[in-house]
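Everything below concerns the one structure shown next.
Please treat every number below as a calculation from the coordinates, not as lab data. Bear in mind that the values here come from a model prediction, so they are computed numbers and not experimental data. All Cβ positions, even for glycine, are placed from backbone atoms using ideal geometry, and neighbour counts span all protein chains on display.
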Amino acid sequence: MSYTTVAHVTELNEDKPLAVDVNDDLSVALVLHHGRVYAIEDECSHGKVKLSDGDVEDSTIECYLHGSTFDLETGRPLNLPATTSVRVFPCRIEGEDVQIDVTTPTTDY
Ligand code: FES
């Protein structure tokens, strides 16, 4: 595992996704939900829109465009029209840093 700092803890607000560009090819939405931080790929698998613009509820994030919800833990879509999971990444707090491991995404395709 190789963790990279992507944000400061003070940037996180409960149920308010934070969009972070990790590198040229990857953006993630950091989500503080029920006291836990999740890192989920910030692009809906149905269309190229940001999941970070959607609402967080019941351990899911909803795509604002067509309403698919994705499990924050697994990245799995829970309703149509999306049928493919998005990647989720191990995430931890180290001191005041929010770190994710982009080398070991978890998917549930
Ligand atoms: S673009 Fe996300 S559900 Fe269609």
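One equal scatterer on each Cα of the stretch 1-44, no solvent, Debye formula: the resulting log10 I(q)/I(0) at q = 0.25, 0.29 Å⁻¹ is -0.93, -1.15.
Its Cα centre serving as origin, the stretch 3-101 has a Cβ charge dipole (Lys and Arg +1, Asp and Glu -1) of approximately 260 debye.
Per-residue 3J(HN,Hα) values for the stretch 41-47, derived from phi via the Karplus relation 6.51 cos²θ - 1.76 cosθ + 1.60 with θ = phi - 60°, read 3, 8, 8, 4, 7, 8, x Hz in sequence order (x marks Gly and Pro). As a proxy for reagent exposure, 2, 45, 27 were ordered by neighbouring Cβ count within 10 angstrom, fewest first; the result is 2, 27, 45. Comparing 20, 86, 28 in a Gaussian network model of the chain where C-alpha atoms under 10 Å apart are linked, the largest mean-square fluctuation is found at 20. Considering only Cα atoms, the convex hull volume of the chain works out to 86 Å³ per residue.
The ranking of 3, 64 from fewest to most other beta carbons within 10 Å of each one's beta carbon is 64, 3. Distance from the Cα centroid of the stretch 1-17 to that of the stretch 28-73 is 14 Å (rounded to whole angstrom). Remind me, relative contact order of the chain in percent, using alpha carbon pairs under 8 angstrom and six or more residues apart? Reported relative contact order: 26 percent.
Go ahead and run the numbers for FRET between residue 34 and residue 2, Cβ-Cβ distance against an R0 of 22 Å, rounding to 0.05.
0.25
For 106, 69, the sequence from fewest to most other C-beta atoms within 10 Å is 106, 69.
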